[in-house]
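The values are calculated or read from the model by the stated rules, or taken from the named source; none is laboratory data. What you are looking at is a predicted structure, and each value in this text was computed from that prediction instead of being measured. Using ideal geometry, Cβ is built from the backbone for each residue, glycine included, and neighbour counts are taken over all protein chains shown. Side chains included, ligands, DNA and RNA excluded: accessible areas come from the protein's heavy atoms. Shrake-Rupley method; radii C 1.70, N 1.55, O 1.52, S 1.80 Å.
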Amino acid sequence: MSAHWWLLTKQQLRSRVRSIAIWGVVIGALGALYVALFPSMSGFLRQYLDQASQQMQQFMGQLQDSLTIGGWMEMEFFNSIVPIALPFMVIPFGARAISGSEERKTLDMLLSNPLPRWHVVASALAAMATSLACVLGVTWVLTYIAVVAAGVGLSPGRLASALVVLWVFCLLFGSIAVFMSAWVRRSFLAIVVPTALLVVMYVIGNLAQVSKKAEPIRVFSLFYTWATP
């Protein structure tokens, strides 16, 4: 049984090698770019805040955090672009885990083997989690190379811990796609539902930042939890 489960996982991973490599290089290069931009941007922000009025400094107090490399990466990389972009790697992966095989007419052939059906779901989750971990591993390597090259004080442990939390965040939406795929047996719906949930949470999180009336509903957004230390 365990051999069958592992073979299914390896088969799905082999079919995703190119996608994993592309996502890892793109996200890692983006992280490296933000690290490289930090010295110049932090100087610009510091100069802007020094010249701003006291009221403006109080209004833009959150920019003070961006004057450190940790705050800069949290604001520009971990709390904005990546939590929106990276789930779009795992959502289609999870959505096609069951319904994709059914639509290609290969699911009946797979289930004709002496294989428990939960192994199909478990192997899809394992392959998705491993793929995402590989992407974030490449991201860690490329980003930390830029950290060393730029000479900024971002510890490898802090970078790794942020990526681990990001792994859990993205895996949640991918898991929803897997279970929707097994339930509704339609790839389109299995993609739309977690994507709509992601977008709604993103909108709620942003509304709560600009409107006091929307603050009570911010707890329904994982972006609020993600951005809260």
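Using heavy atoms of the protein chains and a probe of 1.4 Å, the accessible area assigned to residue 22 is about 100 Å². Working from label points 7 Å from Cα in the Cα-to-Cβ sense, the residue 197 to residue 10 distance is 3.2 nm.
The heavy atoms of residue 219 offer some 100 square angstrom of accessible surface to a 1.4 angstrom probe. Largest to smallest in accessible area, the residues 16, 186 fall in the order 186, 16 (1.4 Å probe, all protein chains included). What residues of segment 142-173 lie in the reach of a label at residue 29, counting those whose backbone N is under 15 Å from a point 7 Å from the Cα along Cα→Cβ? Answer for segment 142-173: 142-143, 146.
For residue 172 and residue 213, FRET efficiency with R0 = 25 Å and r from the beta-carbon atoms, rounded to 0.05? All intermediate terms of the calculation are to be shown ahead of the outcome.
Details: r = 28 Å, r/R0 = 1.10.
Computed FRET efficiency for residue 213 and residue 172: 0.35.
Ranking 68, 143 from most to least accessible surface, computed with a 1.4 Å probe over the protein chains only, gives 68, 143. Net charge in the neighbourhood of residue 165 (other residues with Cβ under 14 Å of its Cβ; Lys, Arg +1, Asp, Glu -1) is 0.
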